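Q: One structure is given below, represented as structure tokens, and several questions about it will come after.
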Amino acid sequence: MQTESFRQAEFPVDPLFLNRWSPRAFTGEPLPDAVLFTLFEAARWAPSSYNGQPWRFCYAKRGGARWGDFLACLHEVNRQWAEQASALVFLAASQSIQAMGQTIPAPAPALDCGAAWASLALQASLLGWHAHAIGGFDRTAAARVVGMPEGYDMLLAVAIGRRGGKESLPEALQAREAPTPRRPLAELVAEGCFPRA
Ligand SMILES: Cc1cc2nc3c(=O)[nH]c(=O)nc-3n(C[C@H](O)[C@H](O)[C@H](O)COP(=O)(O)O)c2cc1C
């Protein structure tokens, strides 16, 4: 697997981790169900507190009956690029889970859903697609669009597509269309104490 040359790891990791990134320019080509459901399958196997699996996914494919409704929930700044994606996904978390034979408040639903989102994104990258997380959307509108019942929190939108040419983006976004670096490990990790900046 080719590694995005911009990204340098300090220690050897599988190229998968460096190759996943969040482009905004997409081709808009159709996303086969076989691919889409492989992404959900990867998400399904994420770890979660008490194996509570609080994640719920709702999707709309570009050109499908619900596409416009999903797209309309994104903030304009995100809609302007995400409209070229092949699918949009809303990720919601259950506020409660089944554990030890009873219903309990989900201890860490956002963490669990974060793990599921990351699995989905890494699987997309492995298949030559990209998944771009979007926090900038109207959660209330998204909940309404998908008919989300009580007891859930709408957390995240995700745009999925194949990477397209950046010429399709507004100029300001073209300049940002590249994989980003990361803070040095020394800023993030320390033995026995809190990492110092
Ligand atoms: C929870 C979450 C919310 C995000 N919201 C947005 C967003 O609203 N718009 C956007 O363009 N990117 C959004 N992103 C993408 C991040 O900006 C991106 O993941 C980050 O800059 C790191 O870049 P990379 O994913 O290319 O490695 C979001 C990512 C996450 C995880």
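The values are calculated or read from the model by the stated rules, or taken from the named source; none is laboratory data. Keep in mind that what you see is a predicted model, and the values were worked out from it rather than measured. Because the Cβ atoms are built from the backbone with ideal geometry, glycine has one as well, and the counts that use them run over all protein chains shown.
Q: How about the range 1-27: which of its residues are within 29 Å of Pro170 (Cβ to Cβ), at pLDDT 95 or above and out of contact with any Gly (no Cβ under 7 Å at 6 or more places or on another chain)?
A: Matches in the range 1-27: Leu18, Asn19, Arg20, Trp21, Ser22, Pro23, Arg24.
Q: Check Leu71 against each of (1) within 15 Å of the ligand (Cβ to nearest atom); (2) free of Cβ contacts under 8 Å to residues at least 40 places away in the same chain; (3) farther than 17 Å from Thr27 by Cα and name the one condition it does not meet.
A: For Leu71, the failing item is (3).
Q: Further question on the same structure: Hey, among Leu18, Leu91, which residue is within 16 Å of the ligand (Cβ to nearest atom) and more than 30 Å from Ile104 (Cβ to Cβ)?
A: That would be Leu18, the only listed residue that is within 16 Å of the ligand (Cβ to nearest atom) and more than 30 Å from Ile104 (Cβ to Cβ).
Q: From Gln98, Gln84, Gln80, which residue is more than 16 Å from the ligand (Cβ to nearest atom), more than 14 Å from the chain's Cα centre (by Cα) and either of a type in the set (Val, Ile, Thr) or at pLDDT 95 or above (or both)?
A: It is Gln98.
Q: Continuing with the same structure: Of the residues that sit in the range 118-156 and are part of a loop (DSSP other than H, G, I, E, B) and under 15 Å from Ala72 (Cβ atoms), which one is nearest to the ligand (Cβ to nearest atom)?
A: Gly136
Q: Which residue, of Val89, Val145, Val77, is exposed (fewer than 15 other Cβ atoms within 10 Å of the Cβ) and either in contact (Cβ under 8 Å) with a residue 12 or more places away in the chain or of a type in the set (S, T, N, Q) (or both)?
A: Within the list Val89, Val145, Val77, the selection yields Val77.
Q: Out of the residues in the range 157-180 that are surrounded by 15 or more Cβ atoms within 10 Å (Cβ to Cβ) and among the basic types (Lys, Arg), which is farthest from the ligand (Cβ to nearest atom)?
A: Among them, the one singled out is Arg162.
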